[in-house]
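The values are calculated or read from the model by the stated rules, or taken from the named source; none is laboratory data. Nothing here was measured: the structure is a model prediction, and the numbers come from that model. Glycine also receives a Cβ, built like all others from the backbone with ideal geometry; neighbour counts cover every protein chain displayed.
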Amino acid sequence: MDYLIRPQNTQKVYLSEKTLDVDDILKSNYDYIHDAIKKEGIILKAHECNLFKELVFDSKIVGFCSYDFSRQFITAALNNIYVLPEFRGNNLFLKELKKTMVEYNKPSIVEPTRLVVELLIRYGLAEKISDSLVASSLEFIIPGDHVLSNHEYKSSEELSTHFYDLKMSASIHFLDIDEGVIAYSSPLNYDIIHHDCLSARDEMNEEYLDEIREFFIKNDVEIKNAVRNLEENLPVKSYSIEEIVGVENEFSYYIESLIDDAHVTYDKAFEIKQQMIEEYEEGKILKESLLIRLAYLFDENKDVTIKSHTDKCPHCKMPVDNHDKYCHFCGINLNYNSGESD
Ligand SMILES: [Zn+2]
């Protein structure tokens with residue numbers, strides 16, 4: 001095969017504020033990868049992205065991955081990854097995830113297949129907590145219209161979870177563990193073909209979901225610790241308060257771009273900067289949640305958009321999980337207690 005060559009192993013990256021068409025990029029630049037995907041009968045999970053990266057091995061371009069990427073907030077959700085069959089087994093997926101963590105932040109994964117979850121286990125980024133249940137350090141994101149539930153579910157609400165069930169080939173999440181309300185991802189083509197997940201799901205009934213629920217209740221503390229340990233071992237880039245808000249009277253790169261995007265005045269931006277510094281010094285924000293907090297404070301419509309969960313952040317009322325150290329929406333340290341209500 002005539003592989004495209006990158007002599008220094010340099011990975012070409014396409015990054016755009018606008019949406020990039022994954023098929024178009026593949027067809028016009030990497031026809032052999034496009035053909036291989038078709039030949040394997042793989043259907044791309046996402047057709048759009050705003051960050052597209054080549055995967056390079058031994059100076060050859062042997063695959064690609066794509067992300068939904070937010071430049072200001074350095075959040076990246078992996079929505080496609082593909083490696084040519086003859087180059088699998090070289091840990092290219094792991095290398096890519098680590099690179100993203102070191103350079104930007106911890107990525108999340110949009111609708112992982114069982115294969116992806118099994119790779120995460122092999123890489124030590126996830127672990128089996130029972131015969132069929134998996135806890136992951138990286139979050140799995142399921143678009144609202146691909147979420148199923150044993151109770152009614154507002155289909156517009158995206159699901160984010162650290163848990164996966166290998167038997168069902170599904171990302172799973174308890175919306176209300178006391179009432180036994182569970183949400184899970186709809187079957188993916190890949191899992192239907194390779195793991196016959198439809199028959200497996202046919203055999204799953206309320207009793208099976210009840211067993212999962214009991215397992216989660218019984219092992220609450222252990223599961224919480226498992227997720228935290230996995231997360232703490234990730235090589236995630238750590239930011240200082242100065243990097244996030246800027247030194248002395250200057251604004252950081254992040255604030256500068258937020259001023260442009262959110263049409264915020266310099267006075268308002270300065271107020272937010274001061275608030276960030278104070279909150280950080282009080283312990284109200286953690287190092288890991290600085291960027292989230294910044295984004296939240298610049299966001300002008302702080303509507304509570306997700307309402308299906310029972311556990312809510314006391315500060316912004318958005319969903320939280322018991323293993324969360326900080327709120328993923330407003331960035332407040334969930335162990336912070338000021339002694340006064342706000
Ligand atoms: Zn919050």
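Name the residues in the stretch 188-208 that are crowded, with 16+ Cβ neighbours inside 10 Å, modelled with pLDDT of 90 or more and under 14 Å from Leu115 (Cβ atoms), would you?
Matches in the stretch 188-208: Leu188, Asp191, His195, Cys197.
For Tyr254, indicate whether it is within 28 Å of Lys224 (Cβ to Cβ), hydroxyl-bearing (Ser, Thr, Tyr) and touching a residue at least 24 places away in the same chain (Cβ under 8 Å).
Criteria not met by Tyr254.
Determine which member of the set Ser70, Ser66 is under 30 Å from Arg293 (Cβ atoms), touching a helix residue (DSSP H, G or I) at 6+ places or on another chain (Cβ under 6 Å) and among the polar types (S, T, N, Q).
Ser66
With the condition kept exactly as written, say whether any residue in the stretch 256-276 is hydroxyl-bearing (Ser, Thr, Tyr), surrounded by 18 or more Cβ atoms within 10 Å (Cβ to Cβ) and not assigned by TED's automatic domain parsing to the domain that holds Phe174.
Within the stretch 256-276 (the criterion being hydroxyl-bearing (Ser, Thr, Tyr), surrounded by 18 or more Cβ atoms within 10 Å (Cβ to Cβ) and not assigned by TED's automatic domain parsing to the domain that holds Phe174), the answer is no, since none of the residues qualifies.
Any idea which of (1) surrounded by 16 or more Cβ atoms within 10 Å (Cβ to Cβ); (2) away from the ligand (no atom under 13 Å from the Cβ) is the one Thr310 doesn't satisfy?
Every listed condition holds for Thr310 apart from (1).
How about the stretch 224-255: which of its residues are exposed (fewer than 12 other Cβ atoms within 10 Å of the Cβ) and under 15 Å from Asn105 (Cα atoms)?
Hits for the stretch 224-255 are Glu232, Asn233, Pro235, Ser238, Ser240.
Given the conditions (1) in contact with a Phe, Trp or Tyr (Cβ under 8 Å, 6 or more places away or on another chain); (2) more than 18 Å from Ser252 (Cα to Cα); (3) at pLDDT 90 or above, and given that Leu294 satisfies all but one, which numbered condition is not satisfied?
(2) is the only condition that Leu294 fails.
Which one is surrounded by the fewest Cβ atoms within 10 Å (Cβ to Cβ), of the residues in the stretch 146-171 that are closer than 9 Å to Ala183 by Cβ and aliphatic (A, V, I, L, M)?
Result: Leu148.
What pairs come out if I take residues in the stretch 300-320 that are in contact (Cβ under 8 Å) with a residue 12 or more places away in the chain and pair them with residues that are within 10 Å of the ligand (Cβ to nearest atom) and charged (D, E, K, R) whose C-beta lies under 7 Å away, six or more apart or interchain?
Val304/Lys317; Cys316/Lys302; Met318/Lys312; Pro319/Lys312; Val320/Lys312
Got a number for residues in the stretch 214-245 being in contact with a strand residue (DSSP E or B) (Cβ under 7 Å, 6 or more places away or on another chain) and charged (D, E, K, R)?
Summing the residues that are in contact with a strand residue (DSSP E or B) (Cβ under 7 Å, 6 or more places away or on another chain) and charged (D, E, K, R) in the stretch 214-245 gives 1.
For the stretch 314-340, name all the residues that are within 11 Å of the ligand (Cβ to nearest atom), in a loop (DSSP other than H, G, I, E, B) and within 19 Å of the chain's Cα centre (by Cα).
Met318, Val320, Asp324, Cys327, His328, Phe329, Cys330, Gly331 - these are the residues of the stretch 314-340 that are within 11 Å of the ligand (Cβ to nearest atom), in a loop (DSSP other than H, G, I, E, B) and within 19 Å of the chain's Cα centre (by Cα).
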